Amino acid sequence: MSDDRWDDAPCGLLTLDRDGTVLDANRTVLGWLGRERADVVGGARLQDLLAVGGRIYWDTHLAPLLHVDGRFDEVALELVTASGRLPVVMSAAASPGSEDVPAGVTRVAIHSAWERSRYEQELRAARSVAELSARRTRALQHATAALSSALGVDGVAAALLAAAVGPLGARSSTLWLTDPGTGLGAGLAEGEAAGSAAAPVLGDLAGRREAFVEGGRVVVPLHGQSTLQGVLSLRPYDDPGADPLDLPVLTAVGQQAGLALDRAHLYEQSASVAHELQRSLLAIAPPDDPRFAVATTYRPGVEMLEVGGDWHDIFLAGDGLLALCVGDVVGRGLAAASAMGQLRSAVRAVAGPEAGPGRLLSRLDRFVEQVEAASMATLAYAELDLATGELRYACAGHPPPLLVPADGEPRLLWDGRSPPLGAFTRPQHRGEARVRLAEGDRLLLYTDGLVERRDRTLDEGFELLRETVTGSADAPLEEVVQQLTRSMLRDESTRDDVCVLLLSWNGSVFERHVGADLSTLSATRHALGGWLASRGADRDTQMDVVLAVSEALANAAEHGLRGDPNEAVRVRAVVDRRADGRDDVVVTVHDRGQWRTPDPLIDRGRGLRIIEALVDDMLVRHEQGTTVVLRSRLQKGSS
Amino acid sequence: MTFEALPDRDGGPTVLRATGELDVAVVPALLPEVPALVSAAGSVVLDLSDVTFFDSSGVRLVDLLTRECDARATPFRVVAPPGGPPRRVLELVGMADAVASDDLAAAICAVHSPDRAPRRPQR
């Protein structure tokens, strides 16, 4: 059969006999196959024209279908043609037997699926492009988020290295940051030994803004606004099938990292200004008066770069009236530090004997209305009458002061409370409270960072504070403060700023500590002289006792401390009224070292002779270190 | 605290003047300078008139000067006014009689007339 309708039909047409042998084929199918009619008709079977998969499918499915059902429809197969495989869709039906086509002959129609197949391939390609782009966007987002949340240059460097071996898909990576003046610093490596990647040559990078491949690694220049901030080098996974590193993504990350490093440098600069400001504000010299002693500490929060708004202050608000203050300004950074400075000055300006704590806080309310950054600051403020031990105090939204009696249990002072400064609900007149200190009593002021932690309630924090301080009434103030911050902040995961001020009211007790560097020796002599004068001692008694104590301190510092800057010699003086009515000055000099009887031929030995000549009685005790007790008659005189 | 050598006058003694507080926090740093200060001197006076605090480390300074001068046969006196802190301490350690003069004039006289100031102080 061969007419134009058959031969030029827009689909391939075949007839087969029972075993698939081609009885006839039109021109369309022969054109696809690229074969001559004589080559196909009568000699080839349809299954021989199919690709391998189709041949098997014919034998297992299509031939049985034809046999049983007499037809199959729209089966996707591939023809083997002269120019490769041609995807086709094939339908076939066994003839029921007619004039033209006898029974047992199968008629086959074949449509080329070339266009559809190409479309599907394009779809697949488009999908993989979309997936790649999504993967790139995700990697870029991860890296950008990590870079923008990193604090400081070290933080950015760590984030960049983590991103390199994480979302950016490198096997290992090395980062060099530029040091102003000296070029590239030492390499920081992740996943490989430091130094295993060759350091880039800065001159080679001058004009390059994009990531490039060099020596099997990808080199990413990190340009800031005006300077090259560093270079990142990434080593790809080299196993077969591993995704290659994505240069456009790395270029984008490099740009982000350069800007992040710019920001980090600026940030560290401003942070150091804030630190300097805060340090200068906290570096106060307390008034010199033997009737009290004070120790303070400030521990910045975990983000060393960010100063907080905590402060402490101690000053004379009037004659014999000592003002103590610990406060906390909301927020962090330069703004908080400068607001803290202003508020601290305002406290000093407003304080005075006629004001008192309650009125002082009310006046500060008006001040913080002008200084927005100081609003909602909290403050504990107290005034101590150094002559009587009378303490007036008030807290604006601040944790309560802790009273540590010389004898008895520590207790929190819960009175005199009102809301934070500038709070909307504040009373017009803020309250205050009073408590009378006894000689040797101590008062602790602190910021909430000392007691507040996520893993315990505030009440637990207060209880822990009380427990920690219990039994410390005899320990040196500095030691208590250090011990307190150490044990309260142990294992702490989220660290806030902490400010602590511990005051001891000595009354007629004199107490000082002298460090190993003896820098406070002179001041201690003067304070002791002043204290002796205030106890009525005449000039000779003052001179002799001061000289004897100075010698004892020098000896203790030399032998007891052995230059250890963390140790201190404690000197304590009291007036002891004896049974016969005579007043003695009793001075104890205590260090934690071993007493050594000095060689009499060197000056320490002379010192000992001087002490013996000056005082009525000298005693050396060895319990938990060395205690030297000096006793001298308190000669009273007018001068 | 200050410690300085006053400008030499022709034929006069080398006068070293200390002021302020002489204690263990400052004296040890001065000691190494002592030999050079007195090596070329014809006679030496240490003026402690304006010293407000004086302890065993000051005694050590005086002792070192005494030794250095003695080794060179150089006359040496200390100005330590009666009632002042240096005099009190030098008396306590038994050195006042050997080295102390009441004022600068007396000290200069003493280093110029070896009869009145024994060249070799007794300990």
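The values are calculated or read from the model by the stated rules, or taken from the named source; none is laboratory data. Only a predicted model underlies this, so the values are computations on that prediction, with no experimental measurement involved. As a convention, Cβ positions derive from the backbone with ideal geometry for all residues, glycine included, and neighbour counts pool all protein chains shown.
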Taking A:Arg55 as the residue in question, decide whether it is in the same structural domain as A:Gly20 (by TED's automatic domain parsing) and free of Cβ contacts under 8 Å to residues at least 24 places away in the same chain. yes
In region B:1-34, what residues are modelled with pLDDT of 90 or more and polar (S, T, N, Q)? B:Thr14, B:Thr19
Filter region A:469-515 down to the residues that are among the aliphatic types (A, V, I, L, M) and either more than 35 Å from the chain's Cα centre (by Cα) or loosely packed, with under 15 Cβ neighbours inside 10 Å (or both) and list them by number. A:Ala473, A:Ala475, A:Val509, A:Val514
Scan region B:97-116 and give yes if some residue there is under 26 Å from A:Ala552 (Cβ atoms) and within 14 Å of another protein chain (Cβ to nearest Cβ), otherwise no. no
Which condition number does A:Val509 fail, the rest of (1) at pLDDT 85 or above; (2) of a type in the set (A, V, I, L, M, F, W, C); (3) touching a strand residue (DSSP E or B) at 6+ places or on another chain (Cβ under 7 Å) being met? (1)
Counting only residues that are outside any strand (DSSP E or B) and among the β-branched types (Val, Ile, Thr), which one in region B:18-48 is nearest to the other protein chains (Cβ to nearest Cβ)? B:Val24
Kindly list the number of the only condition in (1) modelled with pLDDT of 90 or more; (2) more than 13 Å from chain B (Cβ to nearest Cβ) that fails for A:Thr524. (2)
Restricted to region A:572-611, and to residues that are in contact with a Lys or Arg (Cβ under 8 Å, 6 or more places away or on another chain) and part of a loop (DSSP other than H, G, I, E, B), which residue is modelled with the highest pLDDT? A:Arg582
B:Val15 among the aliphatic types (A, V, I, L, M), part of a helix (DSSP H, G or I) and either crowded, with 19+ Cβ neighbours inside 10 Å or within 14 Å of chain A (Cβ to nearest Cβ) (or both): no
Please name all residue pairs, on different chains or six or more residues apart, with Cβ atoms under 6 Å, provided the first residue is in region A:248-267 and is more than 12 Å from A:Gly155 (Cβ to Cβ) and the second residue is of a type in the set (D, E, K, R) and outside any helix (DSSP H, G or I). A:Thr251/A:Glu210
Against the condition farther than 18 Å from A:Gly397 by Cβ and surrounded by 14 or more Cβ atoms within 10 Å (Cβ to Cβ), how does A:Glu439 come out, does it pass? yes
Exactly one condition in (1) small (Gly, Ala, Ser); (2) in contact with a helix residue (DSSP H, G or I) (Cβ under 6 Å, 6 or more places away or on another chain); (3) outside any loop (DSSP other than H, G, I, E, B) is not met by A:Ala189; state its number. (2)
How many of the residues in region B:52-85 are more than 9 Å from chain A (Cβ to nearest Cβ) and either basic (Lys, Arg) or in contact (Cβ under 8 Å) with a residue 60 or more places away in the chain (or both)? 4
On the basis of being under 21 Å from the mean Cα position of the chain (by Cα) and of a type in the set (Ser, Thr, Tyr), does A:Ser270 make the cut? yes
With the condition being in contact with a helix residue (DSSP H, G or I) (Cβ under 9 Å, 6 or more places away or on another chain), I'd like the strands (runs of 3 or more DSSP E) fully within region A:358-425 carrying at least 3 qualifying residues. A:378-385, A:390-396
Which of the residues belonging to region A:527-548 are over 13 Å from A:Val574 (Cα atoms) and either facing chain B (nearest Cβ under 9 Å) or of a type outside the set (Gly, Ala, Ser) (or both)? A:Asp538, A:Arg539, A:Asp540, A:Thr541, A:Gln542, A:Met543, A:Asp544, A:Val546, A:Leu547
Take region A:426-469 and flag every residue that is in contact with a strand residue (DSSP E or B) (Cβ under 8 Å, 6 or more places away or on another chain), of a type in the set (Val, Ile, Thr) and either without any contact (Cβ under 8 Å) to a residue 24 or more places away in the chain or not in a strand (DSSP E or B) (or both). A:Thr447, A:Val469
So A:Val481 ticks every box in (1) in contact (Cβ under 8 Å) with a residue 12 or more places away in the chain; (2) assigned to a helix (DSSP H, G or I); (3) assigned by TED's automatic domain parsing to the domain that holds A:Arg572 but one. Which box is left unticked? (3)
Please tell me if A:Ala146 is over 14 Å from the mean Cα position of the chain (by Cα) and not in a strand (DSSP E or B). no
Scan the strands (runs of 3 or more DSSP E) fully inside region A:197-239 and keep the ones with 3 or more residues being farther than 13 Å from A:Gly183 by Cβ and either of a type outside the set (D, E, K, R) or modelled with pLDDT of 90 or more (or both). A:217-223, A:228-235
